[in-house]
1. Based on this model, can you work out whether Val61 counts as within 11 Å of the chain's Cα centre (by Cα), β-branched (Val, Ile, Thr) and either at pLDDT 95 or above or under 19 Å from Ala117 (Cα atoms) (or both)?
2. Name the pairs whose Cβ atoms lie under 6 Å apart, with the first residue in segment 1-22 and exposed (fewer than 12 other Cβ atoms within 10 Å of the Cβ), the second part of a helix (DSSP H, G or I) and at pLDDT 95 or above, and 6 or more positions between them or separate chains?
3. Under 6 Å by Cβ, and 6 or more places apart or on different chains, what pairs join a residue from segment 103-122 that is more than 13 Å from Ser86 (Cα to Cα) and of a type in the set (Asp, Glu) with one that is assigned to a loop (DSSP other than H, G, I, E, B) and modelled with pLDDT under 95?
Amino acid sequence: MSDNKLSGRRILVVEDEMLVSMLVTDLLEDFGCTVVGPVARLPAALEAAAGDGFDAALLDVNLAGVRVFPVADVLAERGIPFVFVSGYGELDSDGQHEGRPVVQKPFSPDALEVALANCFPD
């Protein structure tokens, strides 16, 4: 993808696996984004989601055995776009977040870039 929709965007990263968060950080920076976080646990993620300073978020569905859906609820209520990242296939969010973008682990850089760029319509 080369239209540079992501250049200058601030992306909150909620990811509990250190190596994955490092990879995501590198990719986002390659896309021209500024990374906010990463945040690895639900309480800190809820606090970050309620704050300012980011344009969209990447949410790992499972944070150390705890589902990230309360963070998604806060973001949805605030009208902030987000993309789920999951290694589990189905979200299992009681349908509340059905239709939200999901990037499956392991993901390609292109899949991540397209999913995030789609958060910012023209």
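The values are calculated or read from the model by the stated rules, or taken from the named source; none is laboratory data. Just so you know, these numbers come straight off a predicted model, no measurement behind them. Neighbour counts run over all protein chains shown; Cβ positions are idealised from the backbone, glycine included.
1. Values: within 11 Å of the chain's Cα centre (by Cα): yes; β-branched (Val, Ile, Thr): yes; either at pLDDT 95 or above or under 19 Å from Ala117 (Cα atoms) (or both): no.
It is false that Val61 is within 11 Å of the chain's Cα centre (by Cα), β-branched (Val, Ile, Thr) and either at pLDDT 95 or above or under 19 Å from Ala117 (Cα atoms) (or both).
2. none
3. Pairs found: Glu113/Met1.
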